[in-house]
Structure formats: C-alpha cells, structure tokens
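Working notes, beginning with the structure itself.
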Amino acid sequence: MEAYLDNSATTRCTEGVRDVVVRTMMEDYGNPSSKHMKGVEAERYLRDARETIAKTLKVNEKEIYFTSGATESNNWALIGAAMANRRAGMHLITTAVEHAAVLMPMQYLKEQGFRITYLPVDEKGKISLKDLEDAICDDTILVSIMYVNNEIGTIEPIEEAAKLVKKRNPKILFHVDGVQAYGKMQVFPKRLGVDMFSVSAHKIHGPKGIGFLYVNEKVKIHPLILGGGQQKGMRSGTDNVPGAAGLAEAAKEAYAHLDESTAHLLKLKKRMMDGLRGLPERIVIHSEEGDKSAPHIVSAAFPGIRSEVLLHALEEEGIYVSAGSACSSNKKLPVSTVLKELHLSPELLESTLRFSFSRFTTEEEIDYCLETLRELLPVLSRYARH
C-alpha cells in the first residue's frame with residue numbers, strides 16, 4: 001500500500017486540471033499576445049482564469065497577476081512594494097516563522113538599507129498582537145504575516161493584525177503568504193484588510209510553476225520582471241496559459257468542495273492525532289487540535305529517533321511524509337527555523353515529522369501510517385542515541 005501524506009509539499013493534479021492543461025497545450029496553444037484567432041482563444045483562457053480566481057477572493061479580476069508560483073509572488077510583493085514606497089519609510093515587519101520565500105527577500109531588503117523587525121511567536125507558533133503594535137512606528141511601510149504556517153499548521157490572527165495595522169496607519173501595506181490557506185478556507189482580502197496575497201497552484205491540486213499575487217489596485221508596487229509588457233507591464237514574459245487555466249480549475253474545484261473537504265480533513269487530522277497519542281512510545285504533537293490550526297497539517301516529534309531516519313523508514317513502507325518545508329530542506333533536512341522559534345529542546349528539534357493531507361487522502365492511508373509507526377518505533381528506538 002502507498003500513503004502519500006506530504007500534501008503541504010505538493011499535491012497531485014485532479015483530472016479536471018489535467019484535462020484543461022492538456023487542451024491548452026495541444027489544441028488551444030496560441031500565444032495570448034498574438035492578434036490572430038489562436039491568440040484570442042488563449043487570451044480568453046487567461047481572462048476566464050482571472051475571473052474565476054477573483055470570484056473566490058471577492059476581488060476585481062484586474063487585481064490578479066499570474067506568477068511562476070508563491071516564491072515569485074512573495075518576492076514581488078515584498079521587494080516591489082518596499083522599493084516603490086521607500087520614500088515613505090524604511091521599516092518592514094514580518095514574523096520569525098515565515099517561509100524562506102519571505103525571509104530571504106527580507107534579508108535582501110535589509111542589505112538595501114531597510115530595517116526589519118521579526119516578531120517572535122509563542123509555543124504554538126502564534127504571534128502576539130501586542131508585539132505587532134509595539135513594532136509599528138512612523139517609518140513602517142509594510143507588514144508581512146503568513147496565514148497558515150506550512151510546518152505546524154498554526155493559523156495567525158490575520159484579520160485582527162490587519163485591523164491593528166490599518167488603525168495605526170492606513171497607508172501601511174499588509175501582505176499575506178496565503179499558500180497553505182487558499183483553497184482550504186474562505187479568504188476575502190478586502191474584508192480582511194489585506195493588500196497583497198500570495199498563492200501557489202500546486203498546493204491545491206493545480207500544476208507546478210504557476211501561482212498568482214493579488215494586488216489591491218490602490219497599492220503602489222514596482223515590477224520585478226521587465227520585458228514584453230504582459231499583464232499591464234507589471235509582470236512581463238509570455239503568459240503561462242496552461243498553468244493559469246489549470247490553477248483556475250483547481251481553485252474552482254477546491255471551493256466547490258470546500259465544506260465537505262474541510263470536514264474530511266478535520267476528521268483525518270483527529271484520527272491521526274488520536275492514533276499518535278495511542279502509540280506506546282512518547283510522542284509530542286506540535287499542532288493544535290481541531291480548527292484551532294489548519295485542518296490538513298499534523299506536526300509531531302518522536303523523541304530519540306532522528307527525523308531523517310524515521311522519514312526514510314516510512315518511505316521504505318510506501319509512506320511519504322516531510323521533515324519540514326520541502327522548499328527549504330533541499331534534501332539535507334536542516335533543523336527547522338520554525339521549530340527553533342517554538343523553543344523546543346534539541347531532542348524534539350531533531351525528531352519532528354510533518355504529516356499533511358488533502359481531500360483525496362483516505363482513512364485507510366492514515367491507519368496504514370499509524371500501524372507502520374507502531375511497528376517501526378520500537379525497532380528504531382533501540383538504536384536511539386543515549
């Protein structure tokens with residue numbers, strides 16, 4: 001049996017996504033910039049995709065820009081907005097538990113002269129609104145806080161944070177990395193007070209290499225990619241029609257099944273957490289129960305067993321999990337920045353795995369994983385370092 005429990009790293013495409021991607025590659029393959037009918041057909045796919053995505057967010061389709069994925073979206077939101085608004089101030093705020101696609105652009109901006117404040121988190125990975133309020137100053141121009149933590153599933157208080165920021169200064173831009181939230185919960189940026197919102201398609205059963213950035217039409221932002229002037233000159237390069245069409249189909253399917261999917265994921269999450277607690281070995285679960293955190297992520301430590309050893313032992317049995325963010329691990333499994341910020345002991349830092357589900361994950365996969373852990377843990381514990 002195979003159990004794919006690494007859906008926060010990537011998901012398999014749905015058949016509907018596959019079909020529209022193939023159609024736009026094999027039949028309606030025109031360049032949207034071309035003036036003939038093939039180009040017009042391709043442009044229609046882009047227009048329809050923007051309209052579909054905009055409806056899920058309740059925003060205007062002209063505020064949706066396609067990118068190569070959330071890494072580009074985050075880079076563009078942070079660097080593009082910071083550079084465009086630097087005369088208003090040179091202070092940026094983010095959290096200490098962001099994805100590398102936010103932390104690295106922040107480091108770059110620091111090298112350009114910006115001052116960065118990194119908000120700490122509590123033992124559950126959540127920021128303090130008081131810390132955020134204290135960090136805001138007259139020089140602050142941008143705040144970036146992820147919606148759902150990709151490693152432990154913590155849901156940050158985005159709405160409250162946005163209200164606080166806008167109350168202090170309505171001109172401060174608020175960016176949200178929404179990769180693990182979009183398609184898993186309702187997100188309405190304008191209602192929340194979010195100015196920019198980053199998304200990646202392959203986290204919601206869409207194709208890899210495509211994402212989008214929502215940019216409120218009032219936001220002043222510089223383009224990062226220059227060239228042929230596509231997307232109103234804000235993101236040049238030949239439009240990825242198959243990717244955009246696939247992303248839109250994935251978004252449409254995700255929100256059509258949202259309620260039943262959420263209920264299913266919460267059921268799987270409870271089954272996994274209850275099963276882990278029922279194992280005879282000591283296991284420390286980092287994720288919060290129920291809807292206090294994301295429904296699709298369970299992070300747990302297996303003290304005494306290195307995460308890399310357990311990950312590969314599970315892989316031998318056809319079970320696929322993660323030891324953290326797939327993007328930042330780069331195959332070497334370093335100690336997670338997120339887990340460090342939770343102030344975990346070295347023993348827990350080195351023994352944590354992430355199990356993540358999708359609406360296609362079955363109870364049988366969860367049970368198979370738990371049964372395998374019940375067999376593996378006693379064996380691996382014998383070789384634990386003392």
Inset, instruction - Just one of (1) without any contact (Cβ under 8 Å) to a residue 24 or more places away in the chain; (2) buried (at least 18 other Cβ atoms within 10 Å of the Cβ); (3) not β-branched (Val, Ile, Thr) trips up Arg282, so point out which. - result: (2)
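Between Asp134, Asp139, which is open to solvent by 50 Å² or more (accessible area, probe 1.4 Å), more than 19 Å from Glu51 (Cα to Cα), in contact with a strand residue (DSSP E or B) (Cβ under 6 Å, 6 or more places away or on another chain) and not hydrophobic (A, V, I, L, M, F, W, C)?
Numbers: Asp134 fails: in contact with a strand residue (DSSP E or B) (Cβ under 6 Å, 6 or more places away or on another chain).
Testing whether each residue is open to solvent by 50 Å² or more (accessible area, probe 1.4 Å), more than 19 Å from Glu51 (Cα to Cα), in contact with a strand residue (DSSP E or B) (Cβ under 6 Å, 6 or more places away or on another chain) and not hydrophobic (A, V, I, L, M, F, W, C) leaves just Asp139.
For the range 156-177, enumerate the residues that are touching a residue at least 60 places away in the same chain (Cβ under 8 Å) and open to solvent by less than 40 Å² (accessible area, probe 1.4 Å). Don't jump to the end; show me each part of the working.
Initial filter on the range 156-177 (touching a residue at least 60 places away in the same chain (Cβ under 8 Å)): 156, 171, 173, 175, 177.
Glu156, Leu173, His175, Asp177, listed by residue number.
Hey, could you check the range 16-51 for residues that are of a type in the set (Val, Ile, Thr) and loosely packed, with under 14 Cβ neighbours inside 10 Å and say which is modelled with the lowest pLDDT? Show your work before the answer.
Just the residues of the range 16-51 that are of a type in the set (Val, Ile, Thr), to begin with: 17, 20-22, 24, 40.
Checking the rest, the ones that are also loosely packed, with under 14 Cβ neighbours inside 10 Å come to 22, 40.
Details: Val22: 98, Val40: 95.
My answer is Val40.
Quick check on my filter: what residues within the range 255-309 are among the polar types (S, T, N, Q) and within 20 Å of the chain's Cα centre (by Cα)? Give the derivation first.
First, pick out the residues of the range 255-309 that are among the polar types (S, T, N, Q): 261-262, 287, 293, 299, 307.
The answer is Ser261, Thr262, Ser287, Ser293, Ser299.
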Legend entry - Subset of the range 191-201 (residues that are surrounded by fewer than 21 Cβ atoms within 10 Å (Cβ to Cβ) and of a type in the set (D, E, K, R)): Arg191
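Quick one: would you say Ala77 is closer than 30 Å to Arg168 by Cβ, out of contact with any Asp or Glu (no Cβ under 7 Å at 6 or more places or on another chain) and buried (at least 22 other Cβ atoms within 10 Å of the Cβ)? It would help to see each step written out before you state the result.
Values: closer than 30 Å to Arg168 by Cβ: yes; out of contact with any Asp or Glu (no Cβ under 7 Å at 6 or more places or on another chain): yes; buried (at least 22 other Cβ atoms within 10 Å of the Cβ): yes.
Taking the combined requirement at face value, the residue satisfies it.
Which one is farthest from the chain's Cα centre (by Cα) among residues in the range 36-93 that are in a helix (DSSP H, G or I) and aromatic (Phe, Trp, Tyr)?
Result: Tyr45.
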Legend entry - Meets criteria (within 20 Å of His264 (Cβ to Cβ), polar (S, T, N, Q), touching a residue at least 40 places away in the same chain (Cβ under 8 Å) and surrounded by 18 or more Cβ atoms within 10 Å (Cβ to Cβ)) for Ser293: yes
Inset, instruction - Sort out which residues of the range 206-217 are assigned to a loop (DSSP other than H, G, I, E, B) and of a type outside the set (Lys, Arg), and write them in order of number. - result: Gly206, Pro207, Gly209, Ile210, Asn216, Glu217
Legend entry - Pair list, Cβ under 6 Å, 6 or more apart: the range 54-66 residue modelled with pLDDT of 95 or more, other residue loosely packed, with under 14 Cβ neighbours inside 10 Å and of a type in the set (D, E, K, R): Glu61/Glu51; Glu63/Glu217
Inset, instruction - Working only within the range 113-131, note down all residues that are without any contact (Cβ under 8 Å) to a residue 40 or more places away in the chain and open to solvent by 70 Å² or more (accessible area, probe 1.4 Å). - result: Arg115, Tyr118, Lys130
Inset, instruction - Would you mind finding the one in Lys220, Lys232 that is over 24 Å from Phe357 (Cα atoms), among the charged types (D, E, K, R), open to solvent by 40 Å² or more (accessible area, probe 1.4 Å) and part of a loop (DSSP other than H, G, I, E, B)? - result: Lys220
Inset, instruction - Name every residue in the range 101-152 that is aliphatic (A, V, I, L, M), under 25 Å from Ser293 (Cβ atoms), out of contact with any His (no Cβ under 6 Å at 6 or more places or on another chain) and part of a loop (DSSP other than H, G, I, E, B), in order of residue number. - result: Ile145, Met146
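Quick check on Phe188: is it open to solvent by 10 Å² or more (accessible area, probe 1.4 Å) and in contact (Cβ under 8 Å) with a residue 12 or more places away in the chain?
Working: open to solvent by 10 Å² or more (accessible area, probe 1.4 Å): yes; in contact (Cβ under 8 Å) with a residue 12 or more places away in the chain: yes.
When the stated conditions are applied, Phe188 passes them.
Given the condition among the basic types (Lys, Arg) and crowded, with 19+ Cβ neighbours inside 10 Å, answer yes or no: does some residue in the range 52-73 qualify? Lay out the reasoning, then the answer.
Here is the first cut: in the range 52-73, the residues among the basic types (Lys, Arg) are 55, 58, 62.
Those still in the list that are crowded, with 19+ Cβ neighbours inside 10 Å too: none.
Taking every residue of the range 52-73 in turn, none turns out to be among the basic types (Lys, Arg) and crowded, with 19+ Cβ neighbours inside 10 Å.
The values are calculated or read from the model by the stated rules, or taken from the named source; none is laboratory data. Since we're looking at a predicted model, the values are computed, not measured. So basically every Cβ, Gly included, is an ideal-geometry build from the backbone, and we count neighbours across all protein chains shown. With ligands, DNA and RNA removed, areas are computed over all heavy atoms of the protein, side chains included. Shrake-Rupley method; radii C 1.70, N 1.55, O 1.52, S 1.80 Å.
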